[in-house]
């Protein structure tokens, strides 16, 4: 695949593995869609399917999964702590390779239109796909959950959906569709049990408080290890990469006399973020992905027309 | 390709692009063989074709290229400074992924046998494929070049080939076939024009003089930039990687009061060497290639049977 969109639908079912498997199968029933991972959370009774697809099939895959969720999940019977509005609760489109955020916004809008037209589920757009500024933030859209929205959707104009009529689907509720940047979840552990110190470091490095752009950070305790952690989200790794985040945390911690123990990636990371870290620390003057043996092999396969591109849809 | 052998034949033609193109085409005429790069050197009148293939077709691809070289290159007409024994001068097999050095030795022996049987070109084995200790080192095998070997091959028993009779092919000469580890060529530039200092750093870091294992190093001047360089070969990057080499050079240079300007990779580098550098400097506690988005996509493609493995031979 030369052009890749990642889509990460969240579903309100995390206890019945057969339902989760059926949702993943619905995604892969669309040509070119590849499930990269499935995370189920029985406590929250939620699951997250991460899949990749070319832009021309990603909407089809997403809509098939939303349709299957509407068949298999009855939100009126659903119990779980996590706020949610629908059987297929959130469907974000994420640009990964050769695709712009603008294209992902267009894909989100197309998916939203089809989810209403074909399934009768009202749709709210969030983040980059939001049509109203107060809907950019997912937490704001979802506040009060299904239970509150059921009371308000046809009464309060500000809660009307962006696509469809102001009435919930009888079993599947509503669906929040959006476009957002690729996000790297990255934690750095510090050799101290001082939570206040971790929070101070987090404040110093995060964009909101004048630190690095596209970096969110919070301080946490890791009880099991007796140390603290600066837990970060990199929302634009091209601007603030793993290496900048790591170095900033190390610098701030050192100012406070504390050492970095190590770091960890949560979920998936694009190869480019790893490569850029190596490039930075090795002061590589001529780095290019074209120097990497495996990339040359992939390029040769594409050239000979035997790679995934040739076999794909 | 789950199992990859790299083969890097060197040919005694670097001036006629049509000949070089024909040699690369001969390689790719074998199923599953992929040319990753072609380097031609008009001064030395030599060219190097780097290709990758699964173990079951790499010998076929190599033998086809050697056969084509015997048709197109007349060594008796060849002029060039570089020592060489044949039209296809050196043919090393290099384990890259899922293949052992022992298997590459077996592939080299099979290729050598076929080069004699099918083409009538006598063969010498070198490095890991050597049958005599004095032939491990390529420079020793090739000393005096074609011109000296022509005088000695049927006179001096110690110059008899490992496969075939002691007579050169009338046009193609002889061929040196071997197995060797993957090699990363890696240079670190220092902020000084003091060549003696670069040589001192090189001595301190290289394995031969008690430094890092699997590391060869020499000091050079970079006239164009007015600085010096520690030019290295990493012959076992799993043991001594880019990051260890870089850190060792930096440490030794700092002892002598000199700063590292930057570094560069020459030729190709395996992704794992880049990843391990990032892992080291970021102190990543949980790194695995499985965390990388692109690797997940490749794994999903393989699982769905649409990847290169499925389409390949």
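Mind checking the angle between helix B:271-281 and chain B's longest principal axis? C-alpha axes, 0 to 90 degrees, to the nearest 10.
20 degrees
Using the 7 Å Cα-to-Cβ label point, sort the distances from residue B:118 to its equivalents in the other copies shortest first and give them in nm to one decimal.
5.2
Please order B:89, B:2 by the number of other Cβ within 10 Å, starting at the fewest.
Details: B:89 30, B:2 12.
Ascending number of Cβ neighbours within 10 Å: B:2, B:89.
For segment A:1-75, calculate the relative contact order in percent as a whole number, restricting contacts to Cα pairs under 8 Å that are 6 or more residues apart.
Reported relative contact order: 41 percent.
Which whole-percent values make up P(r) of segment B:92-169 when all C-alpha to C-alpha distances are grouped in 5 Å steps starting at zero?
Per 5 Å bin, starting at 0, the Cα pair percentages come out as 3, 16, 23, 25, 19, 9, 4, 2, 0.
With the label 7 angstrom out along Cα to Cβ, how close does residue B:147 come to the same site in each of the other copies, in nm, nearest first?
9.4
If contacts are Cα pairs under 8 angstrom and at least 6 residues apart, what is the relative contact order of chain B in percent?
15 percent.
Measuring nothing but label to label, 7 Å from Cα along Cα→Cβ, what are residue A:56's distances to the other copies in nm, shortest first?
Result, one decimal in nm: 3.4.
Which ordering of A:3, A:68 is given by a fewest-first count of other beta-carbon atoms within 10 Å?
Listing A:3, A:68 from fewest to most nearby Cβ atoms yields A:3, A:68.
Across the protein assembly as shown, how large is the tail of the calculated P(r) beyond 46 Å, expressed as a percent of all Cα pairs?
32 percent
Points 7 angstrom from Cα along the Cβ direction at residue A:299 and residue A:225: gap in nanometres?
3.8 nm
Please work out, to two decimal places, the log10 of the ratio I(q)/I(0) at q = 0.07, 0.09, 0.10, 0.16 Å⁻¹ from a Debye calculation in which every Cα of chain B carries one identical scatterer.
-0.32, -0.53, -0.65, -1.31
Show me, bin by bin at 5 Å from 0, the whole-percent P(r) of segment B:5-58 based on Cα pairs.
With a bin width of 5 Å, the distribution comes to 5, 23, 32, 20, 12, 6, 1, 0.
If you fit an axis through the alpha-carbon atoms of helix B:17-28 and take the longest principal axis of the Cα set of chain B, what angle between them do you get, 0 to 90°, nearest 10?
Result, in degrees: 90.
For chain B, take the longest principal axis of its alpha carbons; what is the angle in degrees between that and the long axis of helix B:55-72, to the nearest 10 within 0 to 90?
Result, in degrees: 60.
Give or take rounding to whole Å, what are the principal axis extents of the alpha carbon atoms in segment B:211-293, in descending order?
Principal extents (Cα only, largest first): 43, 27, 24 Å.
Pick from B:36, B:282, B:107: which is most flexible by mean-square fluctuation in a GNM of chain B where alpha carbon atoms under 10 Å apart are linked?
Judging by the Gaussian network model, the answer is B:282.
Among B:147, A:158, which comes first, second and so on when ranked by fewest other beta-carbon atoms within 10 Å?
The most exposed by this proxy come first: A:158, B:147.
Assuming 0.36 nm per residue, please report the length gained on full extension of the stretch residue A:283 to residue A:79 beyond their Cα-Cα distance. Walk me through the intermediate numbers first.
Numbers: separation 204, 0.36 × 204 = 73.44 nm, distance 5.21 nm.
Extra length available between residue A:283 and residue A:79 comes to 68.2 nm.
Semi-axes, largest first, in whole Å: what does sqrt of 5 times each Cα gyration tensor eigenvalue give for segment A:79-122?
For segment A:79-122, the semi-axes come out at 24, 16, 6 Å.
The numbers here are math on the coordinates, done by the rules we state, and not lab data. Worth saying up front: this structure is predicted, and the values here are computed from it rather than measured. Positions of Cβ are backbone-derived with ideal geometry, glycine not excepted, and every protein chain shown enters the neighbour counts.
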